[in-house]
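All remarks here apply to the structure that follows.
The values are calculated or read from the model by the stated rules, or taken from the named source; none is laboratory data. Keep in mind that this is a model prediction, so the values were computed, not measured. Cβ atoms come from the backbone with ideal geometry, glycine included; neighbour counts cover every protein chain shown.
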Amino acid sequence: MKKVEKILKNKEKTSKNHKFADILEKISVFFDKFLFPDDIKCIFCGKDIPSFYEKPYCENCEKHINFNTGNRCLICDMPIKNEAKICDFCQNMKRYFKKAYCPLIYQDIVRQSILSYKFDNKRYLAKGFAVIISNYIKDLKVDLITFVPMTRKREKERSFNQSERLAKELGKLLNIKVVKTLEKIKDTDDQKSLTFKERSENLKDAFRLVNRDLIKDKNVLLVDDILTTCATINTCAEYLSKYSTVYVTAIARNCLD
């Protein structure tokens with residue numbers, strides 16, 4: 001009987017300790033937000049700015065941002081130097097997404113900021129990037145938001161999935177549910193130096209569809225950080241497009257000559 005009483009007391013004590021730890025964590029988060037808010041500073045230089053949710057960057061940095069304006073491919077949103085409406089890449093290969101939206105060009109301070117976000121653990125930048133994207137796609141109507149997954153190993157190495165975090169911040173701004181629809185089940189080689197065909201081959205059988213019923217007959221927004229050849233996003237969209245209409249968005253578009 002005494003042993004039982006002792007066990008119950010220990011359990012009660014442990015429960016109280018957990019509750020106390022939870023309270024301390026909430027207080028810590030509150031004071032971090034209060035003392036170091038992440039929605040009043042320029043995402044490129046850190047300078048205080050007046051209207052983060054309109055422009056999450058200062059006037060000086062705005063002069064150095066390459067916005068994705070002008071003539072762009074109606075499918076992949078890549079800038080086109082001539083008067084064509086569809087780029088050569090989209091004319092010559094099947095796209096499984098209906099349209100991509102990329103507000104910035106992957107150059108200069110945009111490139112530096114995205115690299116810091118991904119590799120220097122500057123997760124707070126996701127909120128500012130999401131603001132830029134939400135303003136860019138404000139007329140797009142979608143039912144769900146999803147994201148490009150990482151393998152558990154890669155996510156552990158980086159400590160977070162940058163596309164997932166971006167998707168969640170975007171979901172908050174647009175008041176749209178974010179769901180996991182894909183799992184990456186195979187680590188793949190670095191894609192940087194590969195062609196579209198090589199990248200697509202590299203990604204073969206790397207993903208698995210999950211939560212299929214959630215996306216059936218829905219308009220789904222698939223989120224990534226950067227679009228280059230669109231091989232990764234196109235592969236992911238192929239799985240989703242069997243059950244839904246897929247739109248794509250990313251922070252920036254990497255231009256291809």
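Yes or no, residue by residue, for (1) modelled with pLDDT under 95; (2) under 21 Å from K118 (Cα atoms):
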residue: I215; (1), (2): no, no
residue: T228; (1), (2): yes, yes
residue: T232; (1), (2): yes, yes
residue: Y239; (1), (2): no, no
residue: S244; (1), (2): no, no
residue: I251; (1), (2): no, yes
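Among the residues of region 113-123, is any among the basic types (K, R) and under 26 Å from F207 (Cβ atoms)?
Residues of region 113-123 among the basic types (K, R): 118, 122-123.
Imposing the further condition that a residue be under 26 Å from F207 (Cβ atoms) reduces the set to 118, 123.
So far as region 113-123 goes, yes, one or more of its residues are among the basic types (K, R) and under 26 Å from F207 (Cβ atoms).
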Quick check: is even one residue across region 96-112 on the phi < 0 side of the Ramachandran plot, out of contact with any helix residue (DSSP H, G or I) (no Cβ under 9 Å at 6 or more places or on another chain) and of a type in the set (D, E)?
-> no
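In region 92-106, which residues are surrounded by 12 or more Cβ atoms within 10 Å (Cβ to Cβ) and modelled with pLDDT under 95?
Answer for region 92-106, where residues must be surrounded by 12 or more Cβ atoms within 10 Å (Cβ to Cβ) and modelled with pLDDT under 95: just M93.
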Pairs with Cβ under 6 Å, 6+ apart, first in region 147-158 and farther than 17 Å from D205 by Cβ and in the same structural domain as T181 (by TED's automatic domain parsing), second at pLDDT 90 or above and surrounded by 12 or more Cβ atoms within 10 Å (Cβ to Cβ) = F147/S163; F147/E164; F147/A167; F147/V223; E155/N161
Going by the structure shown, is K63 not aliphatic (A, V, I, L, M) and not assigned by TED's automatic domain parsing to the domain that holds D224?
-> yes
Would you please name the residue that is surrounded by the fewest Cβ atoms within 10 Å (Cβ to Cβ), looking only at residues in region 73-91 that are touching a residue at least 60 places away in the same chain (Cβ under 8 Å) and under 23 Å from the mean Cα position of the chain (by Cα)?
-> P79
Hey, among K168, K197, which residue is surrounded by fewer than 20 Cβ atoms within 10 Å (Cβ to Cβ), touching a strand residue (DSSP E or B) at 6+ places or on another chain (Cβ under 7 Å) and among the basic types (K, R)?
-> K168
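Would it be correct to say that N135 is in contact (Cβ under 8 Å) with a residue 12 or more places away in the chain, within 20 Å of H64 (Cβ to Cβ) and either among the aliphatic types (A, V, I, L, M) or outside any strand (DSSP E or B) (or both)?
yes
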Only one of (1) in contact with a Ser or Thr (Cβ under 6 Å, 6 or more places away or on another chain); (2) surrounded by fewer than 21 Cβ atoms within 10 Å (Cβ to Cβ) fails for K184. Which number is that?
-> (2)
Return the only residue of L74, L115 being more than 16 Å from V220 (Cα to Cα), outside any helix (DSSP H, G or I) and either out of contact with any strand residue (DSSP E or B) (no Cβ under 8 Å at 6 or more places or on another chain) or modelled with pLDDT of 95 or more (or both).
-> L74
If the Cβ limit is 7 Å and pairs must be 6+ apart or interchain, which residue in region 104-119 that is more than 22 Å from E155 (Cβ to Cβ) pairs with which residue that is aromatic (F, W, Y) and not in a strand (DSSP E or B)?
-> I109/F44
Of the residues in region 122-175, those that are under 10 Å from the mean Cα position of the chain (by Cα) and acidic (D, E) come to E164, E169
